[in-house]
Amino acid sequence: MLFVHGVGIREPDYARTAVAQLRAQFRAATNDERADDDLIIESAYWAPAVLARQDRLSERTVPGFASGWFGVMDKLTQKVATGSTLSLLPLALSGLVRHVPGIPKIHWPTLRWAVTSFVGDVVAYQVSPHSREVYDAVHAEVAKALARLAERAPDAPLFVVAHSLGSVIAADHFYDLGKGRRGAATALQAGRTLTGFYTLGSPIALWTQRDGDFASPLQIPARNSPDPVLASAAEWINFYDADDVLAFPLKGLSPEWDKAVDEDRSVSVGALILGMSPVSHVAYWNDAAVIRPIANSIAWLWN
């Protein structure tokens, strides 16, 4: 199993709580302690490919300020990713701050941080006529995580959980693999064993405009497996919160997308009233409405 993070992540252990919860749900669904040994999980940590550029931009546009306010926002986002629902409160409240005394250059600092993190990473990730350095560096990290999985289970069914921009990255990676654009040593690294794809708070719908006519969706290879059980387990579930302004349903994009995506599943993530705001975008990782059905799908195949 592979986790792929989205924007706002600065620590490699971002998925530790989600992994623990997934394992617990998997054990409960299989009712067999031995099953845990068969669930091999890795996290792709691609943030270093963009962080230096993002920090350099922030420091040059708002010297000294970015490392202060922006740094606090980064820490709160990391805490939310690793399971702290309480951190959602200051993160949400900070979004109401229009002006900080002594900082004349910008207003709405938290919203500015959010735009810098999301739009900045998106712009850096795109391939331009002059450079594909960030794109290749990001996918090199995904490839490394797949290689670590392949060392232990080169032919195992692969399940991928990807959040935010990470869902775009994961879809791009496996799409490129399917087109033979990347070398791979094992079936798993080549994406041929991809069985479950779970996108959380995904803006993929926006990326369909890049190639025109809503582009072509990723196909799940396990759907065509000669093994009927594996073929039955193949699925793409797109989890989205209606209050998450960065997340979009996918099935209605075109008949091809409707066929590729099994379900746009509406969930409510985040604590209490905070989950009824755009802050919900950072709250998917550790929500039972997301983790439990993923664990159940994997457990069904294991059983």
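The values are calculated or read from the model by the stated rules, or taken from the named source; none is laboratory data. Quick caveat, the model's predicted, so the values are computed rather than measured. Because the Cβ atoms are built from the backbone with ideal geometry, glycine has one as well, and the counts that use them run over all protein chains shown. For accessibility, only protein heavy atoms count, side chains too; no ligands or nucleic acids. Shrake-Rupley method; radii C 1.70, N 1.55, O 1.52, S 1.80 Å.
Structure notes:
- The residues of the range 103-125 that are open to solvent by less than 70 Å² (accessible area, probe 1.4 Å), more than 17 Å from the chain's Cα centre (by Cα) and of a type outside the set (A, V, I, L, M), listed by number, are 107, 109, 110, 113, 116.
- Scanning the range 244-284 for residues that are modelled with pLDDT under 90, closer than 18 Å to residue 164 by Cα and either part of a loop (DSSP other than H, G, I, E, B) or within 16 Å of the chain's Cα centre (by Cα) (or both) yields 270, 277, 279, 280, 281, 282, 283.
- Residue in the range 266-289 that is within 26 Å of residue 225 (Cα to Cα) and touching a residue at least 24 places away in the same chain (Cβ under 8 Å) present: no
- Selection within the range 73-129 - charged (D, E, K, R) and more than 16 Å from residue 8 (Cα to Cα): 98, 105
- Taking the conditions (1) open to solvent by less than 50 Å² (accessible area, probe 1.4 Å); (2) free of Cβ contacts under 8 Å to residues at least 24 places away in the same chain; (3) in a loop (DSSP other than H, G, I, E, B) in turn, residue 100 satisfies each one other than (2).
- Those residues of the range 1-38 which are in a loop (DSSP other than H, G, I, E, B), surrounded by fewer than 20 Cβ atoms within 10 Å (Cβ to Cβ) and touching a residue at least 24 places away in the same chain (Cβ under 8 Å), in sequence order: 10, 11, 12, 13
- If you go through the range 196-209 and keep only what is within 20 Å of residue 43 (Cβ to Cβ) and surrounded by fewer than 24 Cβ atoms within 10 Å (Cβ to Cβ), you end up with just 196.
- Within the span defined as the range 212-228, one or more residues are of a type in the set (A, V, I, L, M), more than 24 Å from residue 118 (Cα to Cα) and open to solvent by less than 30 Å² (accessible area, probe 1.4 Å).
- Close Cβ contacts (under 7 Å, 6 or more residues apart or on different chains) running from residues in the range 176-194 that are closer than 15 Å to residue 149 by Cβ to residues that are in a strand (DSSP E or B) comprise 188/158; 193/158; 194/158; 194/160.
- Qualifying residue in the range 49-60 (condition: out of contact with any Pro (no Cβ under 6 Å at 6 or more places or on another chain) and closer than 23 Å to residue 153 by Cβ): no
- Subset of the range 229-242 (residues that are open to solvent by 70 Å² or more (accessible area, probe 1.4 Å) and part of a loop (DSSP other than H, G, I, E, B)): 242
- Boolean, residue 245 is surrounded by 14 or more Cβ atoms within 10 Å (Cβ to Cβ) and touching a helix residue (DSSP H, G or I) at 6+ places or on another chain (Cβ under 8 Å): no
- Beta carbons closer than 8 Å, at least 6 apart along the sequence or on distinct chains, pair a first residue in the range 228-253 that is without any contact (Cβ under 8 Å) to a residue 24 or more places away in the chain with a second that is aromatic (Phe, Trp, Tyr) for 251/257.
- Output for the range 43-94, where each listed residue is over 20 Å from the mean Cα position of the chain (by Cα), assigned to a loop (DSSP other than H, G, I, E, B) and surrounded by fewer than 17 Cβ atoms within 10 Å (Cβ to Cβ): 63, 64, 86
- Consider the range 143-174 and keep the residues that are under 18 Å from residue 222 (Cβ atoms) and of a type in the set (Val, Ile, Thr). The one that is surrounded by the fewest Cβ atoms within 10 Å (Cβ to Cβ) is 160.
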